[in-house]
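The values are calculated or read from the model by the stated rules, or taken from the named source; none is laboratory data. Because the structure is predicted, anything quoted here is derived from the model rather than measured. All Cβ positions, glycine included, derive from the backbone under ideal geometry; neighbour counts span all protein chains shown.
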């Protein structure tokens, strides 16, 4: 599964992006498996707290078939080394695109 991560933190300070340290792969939903769904992309915004935990996932785009729910479930289990601003851990957001490939 191919992922694209885009981070958003204030650029007016000395900053660093969070670093992904635990990644759970989203699974196909039962509905998508039964339909032999050809694949597609789910785009979400994740909210990462100052401890590096994903606290919320907002679905921005999805192809249906329950894939969005499976993606949210997996991404809530991701863990990061938190973003840093002026040497202190800070909360941030990231846009994530999860590309599901065809069977």
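Considering (1) under 16 Å from residue 98 (Cβ atoms); (2) buried (at least 17 other Cβ atoms within 10 Å of the Cβ); (3) modelled with pLDDT of 95 or more, say which one residue 52 fails and leave the rest. It fails just one condition, (1). For residues in region 80-90 being in contact (Cβ under 8 Å) with a residue 40 or more places away in the chain and either assigned to a strand (DSSP E or B) or surrounded by fewer than 19 Cβ atoms within 10 Å (Cβ to Cβ) (or both), which is nearest to the chain's Cα centre (by Cα)? Looking at the filtered set, the residue picked out is 80. Taken residue by residue, region 91-99 has at least one member that is assigned to a strand (DSSP E or B), over 11 Å from the mean Cα position of the chain (by Cα) and within 15 Å of residue 18 (Cβ to Cβ).
In region 26-52, the residue that is farthest from residue 69 (Cα to Cα) out of those that are part of a strand (DSSP E or B) and out of contact with any helix residue (DSSP H, G or I) (no Cβ under 9 Å at 6 or more places or on another chain) is 48. Whenever a residue of region 10-25 is over 13 Å from residue 89 (Cβ atoms), its partners that are modelled with pLDDT under 80 and not in a strand (DSSP E or B), lying with C-beta atoms within less than 9 angstrom and at least six residues away or across chains, give the pairs 25/1.
Checked against (1) surrounded by fewer than 17 Cβ atoms within 10 Å (Cβ to Cβ); (2) free of Cβ contacts under 8 Å to residues at least 24 places away in the same chain, residue 57 passes all but a single condition, namely (1). Take residue 65 and tell me if it is in contact with a strand residue (DSSP E or B) (Cβ under 9 Å, 6 or more places away or on another chain) and within 11 Å of residue 42 (Cβ to Cβ). So residue 65 passes the test.
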